[in-house]
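Values in this text are rule-based calculations from the coordinates and carry no lab data. This one's a predicted model, so the numbers in the text were calculated from it and none came from an experiment. Don't worry about glycine lacking a Cβ; one is built from the backbone with ideal geometry, like all the others, and counts go over all protein chains shown.
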Amino acid sequence: MTIRVLLVDDQALLRQGFGMILAHEPDIEVVGEAGDGEEGVALAGRSNPDVVLMDIRMPVIDGVEATRRIVCANPEVRVLILTTFDLDEYAFGALAAGASGFLLKDVRPEELVTGIRTVASGDAVVSPRITRRLLDECAHLLETSDGDSDRGVAAMAKLTDREREVLVAVADGLSNAEIAQRLFVSEATIKSHVGRILGKLGLRDRVQAVVFAFQTGIVRPDRTP
């Protein structure tokens, strides 16, 4: 299966460089390029990409709002954010808006290709541990409302006791292997639990599970220095 990729960045040179890298991959096709967020949203609607490589800071509308509009219009599209700093408030906003992860702009070519293939397969690029660190750093942006808390209570009611344990462990940034060790079960069992949690909560990947847990107050940011 060919992975259809849309490049959205206001730097033409960067788009050209990424395009050259991806042109050598037999399973990846660049279906379009856009120089700002608004153009990217429109082109995503026309070109039907599998993955959008999205710059975070752009004119007209930024990568956060563009991500929100693209995912809202077609939840099957995976957005991979390009950013300069790994602890970036904009990157936090993009994850909350539905992005499946982010990469630094100076990413190595092989990591770029792997990242695209990973999100196209339905997984997340950024590890939950890095996401947890990012959310902790951006704790001042997290304002859990009563409505969000109600969502958290309703979500937890859908889960079994073991699934609740696993969700909290995922939000703590633990891998499947680490959760399995903590709960004294097999890694395959944890993988099954995670799949059921995502299905019950309507989430796409582990990173979205971490964001959901923070937004609804299921877990709280670490505000310790």
All lysines inside 25 Å of K200 as judged from Cα atoms, apart from same-chain residues fewer than 8 positions distant: K158, K191
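Can you give me the relative contact order of the chain as a percent, contacts being Cα pairs under 8 Å and 6 or more apart? Please list the in-between numbers first.
Details: 376 pairs, mean separation 36.1, N = 225.
Across the chain, relative contact order equals 16 percent.
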Positive-end extreme of charge dipole, region 1-49 - chosen from T2, A44, V31 (charges on Cβ): T2
Per residue Cα convex hull volume in Å³ - calculated over region 27-103: 83
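What is the magnitude of the charge dipole of the chain about its Cα centre, with +1 placed on the Cβ of each Lys and Arg, -1 on the Cβ of each Asp and Glu, and no other charges, expressed in debye to the nearest 20?
Working: 25 positive and 35 negative charges, 161 e Å.
The dipole magnitude comes to about 780 debye.
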Dipole of the chain, positive direction: furthest Cα of G173, F92, V77, with charges on the beta-carbon: G173
Hydrodynamic radius of region 145-215 per Kirkwood, over alpha carbon pairs, in Å: 12.1
Most fluctuating residue given options R68, R108, R164, as computed from a GNM of the chain linking Cα atoms under 10 Å: R108
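Can I get the semi-axes of the chain's equivalent ellipsoid? Compute them from the C-alpha gyration tensor as square roots of 5 times the eigenvalues, in angstrom, largest first. Could the numbers behind the result be given before it?
Working: eigenvalues 185, 74, 50 Å².
For the chain, the semi-axes come out at 30, 19, 16 Å.
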Cα gyration tensor of region 76-119 - equivalent ellipsoid semi-axes, whole Å, descending: 17, 15, 5
Computed magnitude of the charge dipole of region 145-215 (debye, nearest 20; Cβ of K, R +1, Cβ of D, E -1): 260
Under-5 Å amide H pairs with I61, H placed in peptide plane, nonlocal only: G37, E38
Within a Gaussian network of the chain (alpha carbon springs, distance under 10 Å), most fluctuating of I21, I116, I179: I21
GNM result for the chain, Cα springs below 10 Å: residue of P26, P109, P75 fluctuating most strongly: P26
For region 145-215, with +1 on Lys and Arg beta carbons and -1 on Asp and Glu, the positive-most of V210, G152, S192 along the dipole: S192
